[in-house]
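Every number here is computed from the coordinates shown, using simple stated rules; none is lab data. Because the structure is a prediction, the values reported are computed rather than measured. Every residue, glycine as well, gets a Cβ built from its backbone with ideal geometry; the counts of neighbours run over all protein chains shown.
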């Protein structure tokens, strides 16, 4: 469904993405993991057209996304650091997004689960980090997109909210959606993901099924399996 | 696109700065038009305000607004919208609100109390300058990532266009006074939209003493009407190029 071919991106001296080749099929849940600064967010941003790659091509459903914008109607994005117009209230932001995007069916499960209507009148600037994350999550799922891109989704969320979000992610994967998650908390990814792509210094070290990774390392937990991989200096 | 313009305009109109700018312009133009007995004198004073205050407010307000709206722009960029459309809508919304402020503050009193062709010309020049300087502001803020630097560039460019430029022209004239300078002076006039605006209104008023060197050259080079038309065409070019450049730059920008 999504394919990255020979993607290069350089920020000044830093080679953020170095010949990335990845492809993700539909109805899978994929974890992008890697140390800080390994290029995860840059990769995600280039998928969303927020960062323009220097070289290479990204295709969405077999057509290139470079210079196009309509494909984004099929992507729900939850950013790591969310930015919203500070003087708008939660309900104004939600209404504005509904106004700007075309949609058939709204998915308001998360809005209800996070009890956002009770906070609807609050301006964005007064919200705590966790509440902002909740708004981001709601907006990502709201338009029923085929692909969900979640950048550090549970960072800053309390355990209850993070549990709600994880259940929602599982449910959407079952509904045949492609979910891309980046996270540093490997333990919470255990039940969520089918595949793991490991990035380091802008390069893809490996991209495997979780089952294959478990078989190769002999470990059941993702944390331990990844630790084993890192100890052995890659596979 | 209309929807984004609507959000931008609503956001700006809620802002008190723009309202106080409108009131200030209104008070000044009322005072000038009602208290001065000589119509031409009032027009000239208003011209100076239009040439100095308008570009300053347009460029600074637009720059600050663009940086404050960066969250909004980022939010829009990951939606299914063309980048060109996003930037264009922000620009149109900004220019539109500044134009409303100008028309209410200066345009309406001028039309009511004066109503001459010169007054209409002054309004047109003011509108053109508003549009040009908000386009310049957008260009500067798209290029500069840092807010402080962006505002610095905005202030500097206003300083250049309204003050430094005249000094520069005088300096060149004295340095090269032994040579024929008509053609270079025409080119120099074309390089500054504020000067072009001044030339247009003063050609109409025929007050050659205030025209300055570039204006006098324009008058002798193109004649009164021809000079005005040429200046208008040049102003149109000034409206176009900063925006085109900003759009091209924004399409390739990493957010």
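Key figures
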read-out	value
Over chain B, equivalent-ellipsoid semi-axes from the Cα gyration tensor in Å	32, 23, 15
Square roots of five times the Cα gyration tensor eigenvalues for region B:1-142, Å	32, 13, 12
Cα-based equivalent ellipsoid, region A:1-114: semi-axes from gyration tensor eigenvalues, Å	28, 18, 15
FRET efficiency, residue B:19 to residue B:124 (Cβ-Cβ, R0 35 Å, nearest 0.05)	0.90
Label-point separation, residue B:229 to residue A:212 (7 Å along Cα→Cβ), nm	7.3 nm
Chain A: relative contact order as a whole-number percent, Cα under 8 Å and 6+ apart	27 percent
Rounded FRET efficiency, nearest 0.05, which uses the C-beta distance separating residue B:178 from residue A:184 and R0 of 60 Å	0.25
Largest-first principal axis extents of the Cα set of the protein assembly as shown (Å)	93, 54, 33
Stokes-Einstein translational diffusion, region A:2-231 - Kirkwood Rh over all Cα pairs, 1.306 mPa s, 10 °C, in µm²/s	86 µm²/s
Inter-chain shielding of B:78-88 (mean C-beta neighbours from other protein chains, 10 Å cut-off)	5
Helix-only CD estimate at 222 nm, as mean residue ellipticity for chain B, using -39500 (n - 2.57) per DSSP H run (n ≥ 4)	-27000 deg cm²/dmol
